[in-house]
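> One structure is given below, represented as structure tokens, and several questions about it will come after.
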2 protein chains.
Amino acid sequence: MNIRKFVVSLFLLIQGYISFAQNEKPNVVFILIDDLGYGDLANYGHLIAKTPNIDKFAKQGIKFTNFYSPSPLCSPSRASMLTGRTPYRLGIQSWIPEGDNVYLRQHEITIANLLKNNGYQCFLSGKWHLNGGLNEKTHSQPQDAGFDKWTALHAFAIPNHKDPINFFEDGKPLGKIEGYSGTIVVDKAIQYLDERDKNKPFFLYLPMNEVHGQIASPSKYLKKYNKYIKEDIDLVNLKDNGPGEYYANITFMDSEIGRVLKYLDKNGLDKNTIVVFASDNGPVTSQWRKFYEINLNGSTGGFRGRKADLYDGGIHVPALMRFPSQIKPGLVSSEPIHGYDFFPTIFSMLNVPIPKDREIDGIDISPLFTEKPISRNKPLFWAFEMRPSDDPEGYFYAARDGDWKIITDFEVKKVKLFNLKKDRFEVNEVSKANPEIVNKLKTYILEMKKSIELDPLRPKDVSTPNMD
Amino acid sequence: MNIRKFVVSLFLLIQGYISFAQNEKPNVVFILIDDLGYGDLANYGHLIAKTPNIDKFAKQGIKFTNFYSPSPLCSPSRASMLTGRTPYRLGIQSWIPEGDNVYLRQHEITIANLLKNNGYQCFLSGKWHLNGGLNEKTHSQPQDAGFDKWTALHAFAIPNHKDPINFFEDGKPLGKIEGYSGTIVVDKAIQYLDERDKNKPFFLYLPMNEVHGQIASPSKYLKKYNKYIKEDIDLVNLKDNGPGEYYANITFMDSEIGRVLKYLDKNGLDKNTIVVFASDNGPVTSQWRKFYEINLNGSTGGFRGRKADLYDGGIHVPALMRFPSQIKPGLVSSEPIHGYDFFPTIFSMLNVPIPKDREIDGIDISPLFTEKPISRNKPLFWAFEMRPSDDPEGYFYAARDGDWKIITDFEVKKVKLFNLKKDRFEVNEVSKANPEIVNKLKTYILEMKKSIELDPLRPKDVSTPNMD
């Protein structure tokens, strides 16, 4: 055990008292969808794609209409949601290519680490993407992040969502698995739940590979959207296949989530299980930029930009929470919420104290569940680094303070300011007319940046990003 | 008459012999659609929007599947199609805001100038956008470009396509006109045709305002796409209205074009009229960048990028030509064609010589009409300047040579190379693997740039673009 691991374990030991009776502990299920856009669900306004299971879920709890993912890219967003800390603090500033030397450090405390220490069984089935590879011995792996059992792949299913070859289970490669990724990960999740110790509460983290490219869905779903499909997907001779393939994948994803929710219902777990549903970042729209983005047709629901942009199209995504005993069904909240809020909120709901030895950027938003106000002590914050292979090169920092949103370049010199109340599509850049707001938000970003770079837990070997 | 005008007139006088008997001269109709994407027409693969009139037209002549507009933006593209010269040569390097001091110089020779000098009556009804304003006395106006009668607006209908207030007729403002822009310009075009001298051939230039923002269509068309419309357009409280509004505008545009084509049929003009149909640049997709782009939902048909990009999504657009006596009906050509080819091609079809005192970048593509090969003496070329208000800042030069396409920055240093045969969606940048192709195309661009900047007709007061 290295010193960092020891520090984490010590902390967990000290604060790990039992805060409620064993048999009353609620279970937690966190369903995270990959690249799902704000406009991609029927209950968020999609005009064609059907999502009956998620629509039903949305009515059973609280629906957020101003939820923001922690980053417009996968890895930083996932790391942040699991730790309650802004991803820049974690040293995860962009998506992590396989083989890259970036990973979630072992001294970080994830939802699973903290739940495990509180007597939970923790299961992961789906996409990890928080290190350079699931066979990378020098990087932390899902078991280090608190997962007792796990089946996962790195970033996306290879060759595509059908018959993937790159899943690992508890560190061992599984080879080719027949079937579609959504079914594979839900089968495995249900198997974990079936085989669990029924005397212990559980945490199921279900980061699905849908609707990230390269999508593939069973023909049953493709048939539903036949009208919107032009040709068979053919990645050698690239073609525009129409949006139907993507709609089918949305409905397939919804259907597989339906299986998890039905499992909870049938086993009497629905009332005692906190279920979180969210997307990790905005969608790939018809403006694809990489080979695996071809033929995706996500909808930002009108927001400007797309995945990898700091405009709302890149970070303003769907999110839902359900927990009948604490969340009034049918609530819709337009309060701006950030993905790093899940960590303190879940532990507040469980009455488990969160770490005090480190900065937690998120806040407890549970007052919203009974329609009470929340007060945030600092603006919502984003920092991310575009990889050179990403295109176009994007802006780097953003903050939202009330109705104001600022986006800045790496040097925090060039800025774009929008008033989201008057202009939710970010078309009118108003920095010149609002110098005081600009100065305040620039100062905030510079201070956050400095403070984060001095965070003692921030990896020391993370280079300062260079946008050139 | 200034010296430039005199030079032009002298040229026109010298070469203006009558190349065919007066009553045999074919008429010319040039229908130019604004921001229509490659995938926006049913006959180019749109899965929802109906375009029966243009679909029928496409079967009556030749359909180009590799047609490129001269620029990914309006003004340069229009100037180039009317003159046969690359827009950089004309000093029109970006779209022209109202009040800007950029305009098509009087010494340039447009299709209308040359046709007028060959005995044609020339009419314009629609969008001009080749100067800083239709009341700008120091700029050339449609009459200087050869139009005997004209009704036009600057760039787009204000406040939107319904009841526009910014049309001018022969230099006089018309005030508010009730109705939708498409109907207004087609009514005026048909009026010009009705009132024309029947003993002379005519040229009708019909640059429609559809489907550029801010779109508005009669309710009859909106109803057809009701399923794809969420809410009424409301530009104060911006909303995502769904794509139906845009589909309605496409069908409305198609319907108005149908009226022009029916006029030709009914008056026995169809056989003796060359009809050209094209788009000036790629579409605005859901990735809008400006206030007047909100809620547009154009389709590039899968091509990467959108309007204002040098990726194919910005320049690869629909184009059709019809002329029964010279163009075999039902032809489909995948030959790469450039918008500056229309000028020499139309005059070749009319057996009228084109100016020899200036560089014409386009070539005569009429051999394609009888399925014969064409040979181009230089790669297709693009140069344009992003205005600072455009976002993101784009690449500046591009060239296509056979299957290879290069896109470069302003300094012709950073490059992107694509092989369009293998990779028509431009996802695999292959410059490193093909240094010889890169060098050849970079050299070509630098030579073109130098030669254009030395073109004696290039306006001397056009600054060298600065991308900073």
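> With respect to the cross-link table entries A:Lys137/A:Lys172; B:Lys50/B:Lys223; A:Lys127/A:Lys356; B:Lys200/B:Lys262; B:Lys414/B:Lys460, which display a Cα-Cα separation exceeding 22 Å?
From the list (A:Lys137/A:Lys172; B:Lys50/B:Lys223; A:Lys127/A:Lys356; B:Lys200/B:Lys262; B:Lys414/B:Lys460), the Cα-Cα distance tops 22 Å for A:Lys127/A:Lys356; B:Lys414/B:Lys460.
> What is the range A:3-370's relative contact order, in percent, from Cα pairs under 8 angstrom and six or more apart in sequence?
Averaging sequence separation for qualifying contacts and normalising by length gives 29 percent for the range A:3-370.
> When the Cα centres of the range B:76-127 and the range A:304-335 are compared, how far apart do they sit, in Å?
With the range B:76-127 and the range A:304-335 each reduced to a Cα centre, they are spaced 50 Å.
> Let me ask you something else. Could you work out how much longer the chain between A:Val462 and A:Asn101 gets when fully extended? Use 0.36 nm per residue separation minus the Cα distance between them, nm to one decimal.
Values: separation 361, 0.36 × 361 = 129.96 nm, distance 0.97 nm.
Value of the extension gain: 129.0 nm.
> Using the alpha carbons of the protein assembly as shown, what is the convex hull volume per residue in cubic angstrom, as a whole number?
160
> Can you run phi through the Karplus equation (6.51, -1.76, 1.60; θ = phi - 60°) for the range B:256-272 and list ³J(HN,Hα) in whole Hz, with x for Gly and Pro?
5, 5, x, 5, 5, 5, 5, 4, 4, 4, 4, 9, x, 9, 4, 6, 9
> Also, I was wondering about something else. Can you pull the Rg over Rh of the range B:135-283, Cα-only, Kirkwood?
Taking Rg over the Kirkwood Rh, I get 0.99.
> Give me the one-decimal nm value for the distance between modelled label points at B:Asp455 and A:Lys220, 7 Å along each residue's Cα-to-Cβ direction.
6.1
> A follow-up question, please. Report, as an integer, the average count of C-beta atoms from other chains found within 10 Å of each Cβ along A:420-427.
So the per-residue partner count for this stretch is 4.
> Compute, for the protein assembly as shown, the length of the dipole vector about the Cα centre, with Cβ point charges of +1 (Lys, Arg) and -1 (Asp, Glu) only. Units Debye, rounded to 20.
About 740 debye.
> With runs of 4+ DSSP H residues as the only contributors, calculate the mean residue ellipticity of the protein assembly as shown at 222 nm using -39,500 (n - 2.57) per run, divided by the residue total and rounded to the nearest 500. Intermediate values should be presented prior to the final figure.
Details: 21 runs with 230 residues, N = 936.
Mean residue ellipticity, 222 nm, calculated: -7500 deg cm²/dmol.
> Set the Förster radius R0 to 22 Å, insert the Cβ-Cβ distance between B:Lys414 and A:Lys414 as r into 1/(1 + (r/R0)^6), and round the FRET efficiency to 0.05.
It comes out at approximately 0.70.
> Further question on the same structure: Please state the relative contact order of the range A:20-138 as a whole percent: Cα pairs under 8 Å, 6+ residues apart?
17
> Could you tell me which of A:Ala383, A:Asn419, A:Leu446 has its Cα farthest along the dipole of chain A towards the positive end, charges placed at Cβ (Lys, Arg +1; Asp, Glu -1), taken about the Cα centre?
A:Asn419
> Please give every one of the aspartates and glutamates within straight-line cross-link reach of B:Lys176, meaning a C-alpha to C-alpha distance under 15 Å, and leave out same-chain neighbours fewer than 8 residues apart.
B:Lys176 reaches B:Asp163.
> Based on Cβ point charges of +1 for Lys and Arg and -1 for Asp and Glu, what charge dipole magnitude is obtained for chain A about its Cα centre, in debye rounded to the nearest 20?
Dipole magnitude for chain A comes out near 920 debye.
> A follow-up question, please. Report the Stokes-Einstein translational diffusion coefficient (µm² s⁻¹, integer) for the range A:3-370, Rh taken as the Kirkwood radius over Cα pairs, at 10 °C with viscosity 1.306 mPa s.
Estimated diffusion coefficient is 78 µm²/s.
> Restricted to Cα positions, what overall size does the range A:60-169 have along the principal axes? Three whole-Å values, descending.
In descending order, the Cα extents are 37, 32, 32 Å.
> Oh, and also: First measure r as the distance between the Cβ atoms of A:Lys271 and A:Asp170, then evaluate 1/(1 + (r/R0)^6) with R0 = 22 Å and state the FRET efficiency to the nearest 0.05.
Result of the calculation: an efficiency of 0.10.
> For A:53-61, what's the mean count of beta carbons from other chains sitting within 10 Å of each residue's beta carbon?
0
> Right, next: Summarise the partner chain shielding of A:282-293 as one whole number: the mean count of Cβ atoms from other chains within 10 Å of each residue's Cβ.
Mean inter-chain Cβ contacts per residue within 10 Å come to 4.
> With r defined as the distance between the Cβ atoms of B:Ser325 and B:Lys422 and R0 fixed at 35 Å, what FRET efficiency is calculated, to the nearest 0.05?
The calculated FRET efficiency here is 0.35.
> Please compute the contact order of the range B:301-435 in relative form: average sequence separation of alpha-carbon pairs under 8 Å and at least six residues apart, divided by the residue count, as a percent.
Taking the mean separation of contacting Cα pairs over the length of the range B:301-435, I get 19 percent.
> Under 16 Å Cα to Cα from B:Lys449, which aspartates and glutamates show up? Leave out anything in the same chain fewer than 8 places away.
B:Glu359, B:Asp361, B:Glu385, B:Asp409, B:Glu411
> Now for a separate question. To the nearest 20 Debye, how big is the dipole of the range A:395-453 about its Cα centre, given +1 on the beta carbon of each Lys and Arg and -1 on that of each Asp and Glu?
80
> Here's a follow-up. Could you go through the range A:176-189 in sequence order and give the Karplus-derived ³J(HN,Hα) for each residue, using 6.51 cos²θ - 1.76 cosθ + 1.60 with θ = phi - 60°, rounded to whole Hz, and x for Gly and Pro?
Computed from phi, the couplings for the range A:176-189 are 5, 10, 6, x, 9, 3, x, 6, 4, 6, 6, 4, 5, 4 Hz.
Bear in mind that the values in this text are calculations on the coordinates, not laboratory data. None of the values given here were measured: they were computed from a predicted structure. Neighbour counts run over all protein chains shown; Cβ positions are idealised from the backbone, glycine included.
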